[in-house]
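The values are calculated or read from the model by the stated rules, or taken from the named source; none is laboratory data. In this text, all values refer to a predicted model and were calculated from it rather than measured experimentally. Ideal geometry is used to build each Cβ from the backbone, glycine not excepted, and the neighbour counts take in all protein chains shown. Heads up: the accessible areas ignore ligands, DNA and RNA and are worked out on the full protein's heavy atoms, side chains in. Shrake-Rupley method; radii C 1.70, N 1.55, O 1.52, S 1.80 Å.
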Amino acid sequence: MNQEAKATIILILTTIFAGLGWIFSKQAIMGLPPFAFIGTRFVAASLFLLPFCYKQLVALTRGQIINAASVGLLMSCALLTWVTAISVTDTLAEGAFISSLAMLFAPLVGWALFKQKPIRMFWISLPFAVLGLGFLSLSNGYQHSPSQIWFLISAVLLAFHFNFNAKYAQSVPSLALACIQLFVVGTVGTIASLSLEQWPDQVSNETWMWVALSTILATSLRYVMQTIGQKLTTSGNAAIIMILEPVWASSLSVVFYGDDMPIGKVIGCALILWSLFVYRGGAKLLERRQKRLPPEPNKE
């Protein structure tokens, strides 16, 4: 098996674990308050990653640690908003696709903050995403559920996180960066839970099982596999494969919960998926096409 095939398999498994994470999270917060779940999950996940990046962490400078932790605070806001959306949503399927719009919001945020103009494919893909959101909102008449708003806010916050992560944490090794940020998210989640939530007197073994699956498979193992997969292939190939996450999440939610997906919502999700494919895969396809074209003759 060649390196490219190994990368493809690893990244597809990564997207499956990410999709399962939505189910694990929904099940876990049935027995734990949402912020308590985030705190427990991400502190534990950072400790699982620690043996893989201990030497990297020790070698970091104070400035690198501060940058990574600061970006982790943004990630905390995004994930606390995300888990709030999961706790009130009736359907994970549409939430997965709305959350995936973070990839399209990121160029706009980068343009506003750092004057980095989006590539042409962004403008081509954006109308499909807007139309998709419209179908999701209008599928049962003109109405926005609270979960749609929370998922949308979460996607915007993740877009900010992506931009600051790319700008200020480039010099930090991937696993060390993930470990620091996961720990910050877990710490913020725990503080928010102790301040705002009432913990149950007893938590069932089944709930802890879902927390463990979410921590080990959907967080720690997922980050390790994604890091390995991205090292074995190009960023373009990895980006296209990672589009599968909302597909798995929505498919699994239909299977586990029988989510109601009327035709309007199906069209909306399909349009959002298409917009992501156009944005992340379009530039790569154009690049390949240009390479196949014969060179222009010299005009002399």
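Miscellaneous remarks
- Residue in the stretch 42-54 that is more than 18 Å from Val203 (Cα to Cα), of a type outside the set (A, V, I, L, M, F, W, C) and surrounded by fewer than 22 Cβ atoms within 10 Å (Cβ to Cβ) present: yes
- Scan of the stretch 17-47 for residues that are among the small types (Gly, Ala, Ser) and within 15 Å of the chain's Cα centre (by Cα), ordered by number: Ala18, Gly19, Gly21, Ser25
- Boolean, Leu80 is farther than 24 Å from Leu157 by Cα, out of contact with any strand residue (DSSP E or B) (no Cβ under 9 Å at 6 or more places or on another chain) and at pLDDT 90 or above: no
- Residue check for Arg288: modelled with pLDDT under 65, farther than 23 Å from Phe24 by Cβ and among the basic types (Lys, Arg): yes
- Here Gln230 passes the criteria (1) touching a residue at least 40 places away in the same chain (Cβ under 8 Å); (2) open to solvent by 60 Å² or more (accessible area, probe 1.4 Å); (3) among the polar types (S, T, N, Q); (4) out of contact with any Leu (no Cβ under 9 Å at 6 or more places or on another chain) except the one numbered (4).
- Comparison of Leu108, Leu57, Leu104 shows that the only residue that is farther than 18 Å from Gly21 by Cα, touching a Cys at 6+ places or on another chain (Cβ under 9 Å) and touching a residue at least 24 places away in the same chain (Cβ under 8 Å) is Leu57.
Condition check ((1) open to solvent by less than 40 Å² (accessible area, probe 1.4 Å); (2) touching a residue at least 60 places away in the same chain (Cβ under 8 Å)) across all residues:
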{"residue": "Leu133", "(1), (2)": "no, yes"}
{"residue": "Ala159", "(1), (2)": "yes, no"}
{"residue": "Ser174", "(1), (2)": "no, no"}
{"residue": "Ile180", "(1), (2)": "yes, yes"}
{"residue": "Leu196", "(1), (2)": "no, yes"}
{"residue": "Trp199", "(1), (2)": "no, yes"}
{"residue": "Asn205", "(1), (2)": "no, no"}
{"residue": "Val211", "(1), (2)": "yes, yes"}
{"residue": "Leu217", "(1), (2)": "no, yes"}
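- Between Lys26, Lys55, the distinction of being under 17 Å from Leu177 (Cβ atoms) and of a type in the set (D, E, K, R) belongs to Lys55 only.
- Unique match (being surrounded by fewer than 23 Cβ atoms within 10 Å (Cβ to Cβ), touching a helix residue (DSSP H, G or I) at 6+ places or on another chain (Cβ under 9 Å), over 30 Å from Gly258 (Cβ atoms) and at pLDDT below 80) among Met103, Met121: Met121
- Residue count for the stretch 124-170, restricted to those that are at pLDDT 80 or above and among the hydroxyl-bearing types (Ser, Thr, Tyr): 3
- Lone unmet requirement of (1) assigned to a helix (DSSP H, G or I); (2) of a type outside the set (Lys, Arg); (3) farther than 30 Å from Glu197 by Cβ for Thr84: (3)
- Taken over the stretch 10-41, the criterion of being polar (S, T, N, Q) and open to solvent by 10 Å² or more (accessible area, probe 1.4 Å) is satisfied by Gln27, Thr40.
- Hits in the stretch 13-67 (condition: over 29 Å from Glu197 (Cβ atoms) and not in a helix (DSSP H, G or I)): Leu60, Thr61
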